[in-house]
Amino acid sequence: MSDSIQAIRGMNDMLPDESPVWERFEAIVQDWLRRYGYRQIRMPILERTELFVRSIGEVTDIVEKEMYTFTDRLNGDSLTLRPEGTASCVRAALQHNLLYNGPQRLWYAGPMFRHERPQKGRYRQFHQVGVEALGLGGADADAELIVMGARLWRDLGLDRISLEINTLGSSEARLRYRARLVQYLERHIDALDEDARRRMHTNPLRVLDSKNPQMQALIGAAPRLLDDLDEESLQHFENVQRLVRLSGVNFTINPRLVRGLDYYNRTVFEWVTDALGAQGTVCAGGRYDGLIEQIGGKPAPAAGFAMGVERLIALMAGGAMPQPWLDVYVVWSGSQAEAHAWRVAERLRDGGLNVSMHHGGGSFKSQMKRADGSGARFAVIVGDDEAQAEEATLKPLREQREQARVRVTDLMALIKG
Ligand code: HAM
């Protein structure tokens, strides 16, 4: 026997039992996005590697070691499966001149690819819903993005998600801070782990993001970016906080929040939960005023965020009862019954019901077993007698009600009632 072929590690199938919660998530998210005036954009999954190197940053985990990159065998181009959506979204907006018409509120959804070590909540193919406000530079735009998140958690019925915010200031302020931080790290070089020593001169802010318990005291005592902030960024941050508070959304300021992508400036934020173990960040984002120019556009401000769909689905599935999705399973037997059963099934579908027709024949008893296993709320049973009389037998499968033989014309009302 040959070995069976399995999916690639860290890349998941979404099975039919999971689809109701995914569909519910997607419906709620689309409704929520419309209410804030966002329009959908779809970008290719494959882009030139250069796009991600230029935007996410050369010295980041994603670009250094997590991208699925390969060479196009015909022309030698370096291509990469997108590890995130912001870079592609900005690329598409610029390529099609969308900003010519003023600010754009855009959203996208789909799979992203990162070659990380898989564990619960961390996959190599995962899904994001991303939201990008292009051409909007004010604190009000940041605050709206944050307040939007709070509403979505309510719409999805999720609590236990809390908000952390920080500001990274202007790029000049960050350079000043960077110099101070490197000096501090150099003074404590003996206490740094290997990763931190490597990062110290290439991307020192990321040292603050280390999860190594032995490094926490050192990180806790490190100089704070807040102390190097420029006046304008401070004012901006104050305004974001004021507007978020005004909307009744709680948050904590986390001065260590630096994010793993290089394009951010000023406001950054993460929504985190303690209900999922180590991979608790369900949504993250911030302002990225330099990115549009970096990708070749006229300078314009922007901000956005993306959420991890698998993580939110895990939160939703934890509390939800599985909903019956099938209304009717049609069971039939007899020479005249077949055509009648087909007509009844189509008629119920005309009325908007979800109907599964029994295929493959068999005794009434074996068909009823299938009906039970289908999860349907009702079985509709048709024999030759029923066919002749334009009737059907309605049997509730999930509640203690008697079955009843009724006219086909009354069937719909009884099921819906
Ligand atoms: P990110 O923090 O890299 O930001 O990813 C956003 C979210 O995607 C994370 O908070 C997490 O929920 C989910 N996520 C990331 N990696 C994985 C993984 N390996 N498995 C499962 N879920 C994952 C971005 O991607 C930015 N583009 C967000 C943004 C949009 N900033 C501005 N606009």
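Data table
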read-out	value
Among (1) modelled with pLDDT under 95; (2) away from the ligand (no atom under 16 Å from the Cβ); (3) surrounded by 14 or more Cβ atoms within 10 Å (Cβ to Cβ) - the single one Val344 does not satisfy	(1)
Residue list for the stretch 1-21, restricted to those being in a loop (DSSP other than H, G, I, E, B), within 15 Å of Tyr123 (Cβ to Cβ) and among the charged types (D, E, K, R)	Arg9, Asp13
The stretch 71-94 residues that are hydroxyl-bearing (Ser, Thr, Tyr), paired with ones that are open to solvent by less than 40 Å² (accessible area, probe 1.4 Å) (beta carbon under 6 Å, 6 or more apart)	Ser78/Thr49; Thr80/Thr49; Thr80/Phe52; Thr80/Met67; Ser88/Met43; Ser88/Glu47; Ser88/Arg82
Lone unmet requirement of (1) buried (at least 21 other Cβ atoms within 10 Å of the Cβ); (2) near the ligand (Cβ under 9 Å from one of its atoms); (3) assigned to a loop (DSSP other than H, G, I, E, B) for Gly285	(3)
Those residues of the stretch 288-329 which are away from the ligand (no atom under 13 Å from the Cβ) and open to solvent by less than 50 Å² (accessible area, probe 1.4 Å), in sequence order	Ile295, Gly297, Ala300, Met316, Ala320, Leu326, Asp327, Val328, Tyr329
Residue match in the stretch 370-377 (condition: outside any loop (DSSP other than H, G, I, E, B), within 30 Å of Phe113 (Cα to Cα) and open to solvent by less than 50 Å² (accessible area, probe 1.4 Å))	no
Selection status of Leu205, part of a helix (DSSP H, G or I) and closer than 16 Å to Ala284 by Cβ	yes
Some residue of the stretch 70-93 being assigned by TED's automatic domain parsing to the domain that holds Pro299, under 29 Å from Leu136 (Cβ atoms) and more than 16 Å from the ligand (Cβ to nearest atom)	no
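The values are calculated or read from the model by the stated rules, or taken from the named source; none is laboratory data. A quick note: this is a predicted structure, and the numbers were derived from the prediction, not measured. FYI the Cβ positions are ideal-geometry reconstructions off the backbone, even for glycines, and counts take in every protein chain you see. Surface areas here come from the heavy atoms of the whole protein model, side chains and all, with no ligands, DNA or RNA. Shrake-Rupley method; radii C 1.70, N 1.55, O 1.52, S 1.80 Å.
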